[in-house]
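Here is the structure we will look at, set down as structure tokens.
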Amino acid sequence: MARCQADRVSGAVRIVGNPGGLFHLRDGAVIAVDSPGAPGAETLLMRSGRISEEDWNAAMRAMARSGSTQSVLGTIGSAELRILVMAVTQDGTFATAAGVIEQYDIDAPVDVLLSIPGGVGLDILLRETARRLDAIACLSFPVSPFRERVKPARGTNPQGLTTGQLEILANATGRRTARDIAFAIGRGVYPVTTEISRMLDDGLLEISTESFRFSHWGVTSLRSRAEIAQSETRKETY
């Protein structure tokens with residue numbers, strides 16, 4: 001990704017793994033990120049009731065015909081759309097980094113319905129992702145977005161809980177992870193994972209199956225492979 005930024009690559013960097021992700025680049029800047037590990041803009045918009053599935057499909061057809069979505073998404077302001085796409089991009093990057101990365105490929109540009117005009121620098125994106133990984137790891141009861149399945153703790157009293165907490169409780173079936181719940185309620189996977197971690201610590205939720213706790217999933221920070229290799233060499237030396 002750093003080489004892509006330095007070489008001002010325009011294309012799609014496909015991260016293969018679990019959940020993986022697709023980074024859309026224009027002149028080296030990231031203009032959008034898609035990941036099956038985090039809800040996309042269409043999920044957030046439809047779950048919020050701002051648009052219908054028919055509206056979104058019409059926008060896709062409009063883009064295919066003319067490259068414009070204004071006729072369908074014009075009721076949503078450009079500033080709001082920019083904030084939404086930035087949030088989705090950051091959330092998709094977090095989801096990709098929080099999972100398992102096996103390999104990557106660089107492909108030709110792929111059409112994307114909503115993107116960040118001008119893009120965002122990779123250094124900014126990765127710095128925010130590292131902050132989010134660190135923030136969850138520092139919680140008293142950190143969990144993975146993809147592994148622990150949660151359910152309401154016995155005797156949980158819903159009185160005094162926020163709307164967001166009540167939504168999580170209603171969708172914590174014992175078979176859903178933080179990622180699954182984020183898709184179900186139409187919220188970002190990072191804030192949902194953070195909230196679930198806090199609710200576990202507060203005794204509002206409990207883990208329904210055995211799984212290991214969050215510890216950056218083996219990654220202490222977003223470091224380069226060279227730095228990681230040097231660290232491992234030092235460990236072997238001692």
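Check which residues have an amide H placed less than 5 Å from LEU205's amide H, if you skip close sequence neighbours.
For LEU205, whose amide H was placed from the backbone, the distant partners under 5 Å are ALA153, LEU200.
Which percent of the accessible area of region 83-208 is formed by carbon and sulfur heavy atoms (probe 1.4 angstrom)?
Solvent-exposed carbon and sulfur of region 83-208 make up 49 percent of the total.
Would you please put 186-195, 135-144 in order of how densely packed they are, using the mean number of other Cβ atoms within 10 angstrom per residue and starting with the highest?
186-195, 135-144
Write down, largest first, the equivalent ellipsoid semi-axes of region 47-205 in whole Å, where each equals the square root of 5 times an eigenvalue of the alpha-carbon gyration tensor.
Values for region 47-205, descending: 32, 21, 14 Å.
Excluding ligands, DNA and RNA, what is the solvent-accessible area per residue of region 84-142 at a probe of 1.4 Å, expressed in Å²?
46
What order do you get for 25-32, 44-51 when each peptide is scored by the mean count of other beta carbon atoms within 10 Å, highest first?
The peptides rank, most packed first, as 25-32, 44-51.
The values are calculated or read from the model by the stated rules, or taken from the named source; none is laboratory data. In this text, all values refer to a predicted model and were calculated from it rather than measured experimentally. Note that each Cβ is placed from the backbone with ideal geometry, even for glycine, and that neighbours are counted across all protein chains shown. Side chains are part of the model used for accessible areas, which takes the heavy atoms of the whole protein and leaves out ligands, DNA and RNA. Shrake-Rupley method; radii C 1.70, N 1.55, O 1.52, S 1.80 Å.
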